[in-house]
Amino acid sequence: MEDRVDVRLGDTAQITCIFLTEDGPGGNIIQWFYVTRTGEKQRIYYLESGMSYPEKGTPFSDRISVNGTGATGEVVLTIDDVQLKDEVEFICIVKSLTDGTAEGRTKLRVFQAPAPPTIVGAQKGISINEDTLSKIGTCEVKNGYPKPNITWYKDKTPIRSSLEEVRVSPSITTESSGLYSVKSELSMKVIKEDADALFSCEITYFAPGGETLMVETSPINITVYYPHTALKMWVESPKGQIKEGDNVVIHCSGDGNNPYTSFSINSKQTLSSDSSELVLENVTRLNSGEYVCTALDMESFNEITENITVFVNYLEDVVIKPEKIIEVPQGEEGQATCNAMSSLPTQTSWFKNGEEVAKGHTLILNDATFDTAGTYVCVVTAQEVEGLERIGTLRVYIQGKPEILPPVSTEIEESMDTTVDLNCYVRGYPYPTVTWSTSEGESLPAAPETETDDGVLSTVSVKVTGDVIVFCNATSSLGEDSMAFNIKAITHTTPETTSPTISPSTTVTTHSPVKPQTDNPSETLKKEGSGVIIAVIIICILLLAILGSVLYFLYKKGKICGRSGKQDLSKGKAGKDNIVVEMKSDNTEEAVLLGVNGEKQLQ
């Protein structure tokens, strides 16, 4: 018999008993026994002369069978659904009639692979200043047979217990099923380097055939608290140079890892486990200076500090001299300066109507004209810091007597009863007063004047009732100027003509011209009445040509102007009031004379 037979829990076990005897078949008695926990032998099977039966009332009665009769010198005990309690020693006893009695023994070994192991790390951080060993984690494996073993590893290196620095505490639990569960707890005195270490555990268990198997858990990392030995301080935002109006974020961080460390920046307390942040909103130059970060370890009461210097760049509002307004006599030179105090080098530019007209702090206006007048913008920029810019404005007036800008035309033709808008643009400063009058001495009310950079714009509406001259008069303390607008009224008539056909006349209708629009404030609006007049003249010429053709045709036919036998101006009763025109029909030779009074006369 084999010394041992291995089988997995729940599988079928077969134990073979081989023997030699001189007796023939049926001459042997074969019995199977097992050894109880108390060391006693208990029979579980009996085989004799071809008769076999399991013993009743044993743990194996319903689960065993024997193959073979012994005639071949071999019998096999089969055990179904092997249980942990089946792990005992089995005895095969063979009794021969001639050779005596012999026995053999086999131990049955049962195996069960455990569940995958689990590992749980410490739930809170561990300080390197702890006086006692700190719990690192727990590793556990359940329901294995025989008992599994647990080994701890740190960065792939096995951990062995030592009295002062490492302790591995195993515990074994026998489940109600008879399987084993093993738990192991690792405790250590940690050092700073353990913050980056990986801990794991490995289990080993036995399998049938004497094989040893291993399963390793996933690694875990623990939180290690250690004091700060150095601090780092920096401006997180903005990147680059700081200017007034920025929001500044200052950070302070240490090389340690300790929740019991408090940080403060310039005595402004902030709460954070491993870093500190100070936010300065809308900074000014007063926020410039040295900022100190202090870290205090509440366990050891050690204190370390670090500092940083913050400088806030500034650019003050521009100062323009003369302030806001400058008056320059026409033809002379004007001068203004623009500057702003700054912590950085600056650049100054002058703009007018969006275009750069000068560089530098001083604006010089040579030989000033009315075109020189306007609003000048001074821009001071600190180019080293984006967005650091200040703007100021200067209004320039050019002193001079009024000067009326001539419009495109002062000769205006317009239809009767229409309204003409006249614009008069006057340059000069002080702003001149503009009045409107007619050649007949009548004053015209004007709309409110509009002031511009170099003068005023005045508008008046004139209703055309006849030919008139309108005067724009500009007056100031420095002089005066005037301009005349000659308005010619156009009267439209309806021309008539006589046709030889039944239609008695043709009428031509004229329309009032549409006033054109202009964007030039100094240009008066010119009407299109002359175009209508030309059209009427052309139509009249055409009508006269038609009438001439008809008269010539009648003359050729002898109907007028003394043609023989056709008309006698002195004959008959017609007098000076009875002008007669002969009409002749194509269908009759009868001539009908139509008198002015409408009476018929036969010739």
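Read-outs: derived from the displayed coordinates by stated rules, not from any lab. Please read all numbers here as calculations on a predicted model, not as lab measurements. Note that we place each Cβ from the backbone using ideal geometry, even for glycine, and neighbour counts take in every protein chain shown.
Listed values, structure above:
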| quantity | calculated |
| --- | --- |
| When the convex hull of its Cα atoms is projected in every direction, mean area for segment 227-313 (nm²) | 5.1 nm² |
| Interchain or long-range residues, amide H under 5 Å from SER288's placed H | VAL312 |
| Ranking of PHE301, PHE19 by count of other Cβ atoms within 10 Å, fewest first | PHE301, PHE19 |
| DSSP beta bridge pairing in segment 4-111, given as percent antiparallel to the nearest 5 | 90 percent |
| At R0 = 41 Å, FRET efficiency that the Cβ-Cβ distance of GLU442 and ILE541 yields, to 0.05 | 0.55 |
| Nearest-20 debye value, segment 1-83 charge dipole, Cβ charges on Lys, Arg, Asp, Glu | 280 debye |
| Rounded FRET efficiency, nearest 0.05, which uses the C-beta distance separating THR174 from GLU89 and R0 of 22 Å | 0.55 |
| Spin-label pair ILE325/GLU2, simplified geometry with 7 Å Cα→Cβ offset, distance in nm | 12.0 nm |
| Difference of contour (0.36 nm per residue) and Cα-Cα distance, GLU74 to ARG105 | 9.7 nm |
| Label-to-label distance, nm, for residues given as LYS488 and GLU48 (7 Å Cα→Cβ offset) | 16.3 nm |
| Computed magnitude of the charge dipole of segment 99-202 (debye, nearest 20; Cβ of K, R +1, Cβ of D, E -1) | 220 debye |
| Local net charge near ALA122, Cβ-Cβ under 13 Å (Lys/Arg +1, Asp/Glu -1) | -1 |
| Packing-based exposure ordering (other Cβ within 10 Å, fewest first) of ARG395, ARG105 | ARG395, ARG105 |
| Globularity index of segment 14-136, i.e. its alpha-carbon radius of gyration over 2.2 N^0.38 Å | 1.79 |
| Debye, to nearest 20: dipole size of segment 312-434, +1 on Lys, Arg Cβ, -1 on Asp, Glu Cβ | 580 debye |
| Karplus 3J(HN,Hα) series, Hz, for segment 188-195 with 6.51 cos²θ - 1.76 cosθ + 1.60 (x for Gly, Pro) | 8, 9, 7, 10, 4, 5, 5, 5 |
| Förster radius 22 Å - calculated FRET efficiency between GLU130 and THR229 (Cβ-Cβ, nearest 0.05) | 0.75 |
| Hydrodynamic radius (Kirkwood) for segment 319-400, which is based on Cα pairs only, to one decimal in Å | 13.1 Å |
| Exposure proxy ranking, count of Cβ atoms within 10 Å, fewest first, for HIS228, HIS492 | HIS492, HIS228 |
| Neighbourhood charge, 15 Å Cβ-Cβ cut-off, centred on GLY334 and excluding it, Lys, Arg +1 and Asp, Glu -1 | -4 |
| Cα→Cβ-extended label distance, 7 Å offset, between LEU551 and SER461, nm | 4.9 nm |
| Calculated from backbone phi, Karplus (6.51, -1.76, 1.60) coupling profile of segment 213-219 in Hz, x at Gly/Pro | 10, 10, 9, 10, 7, 5, x |
| Rh by Kirkwood over Cα pairs, then Stokes-Einstein D for segment 393-500 at 1.567 mPa s and 4 °C, µm²/s | 84 µm²/s |
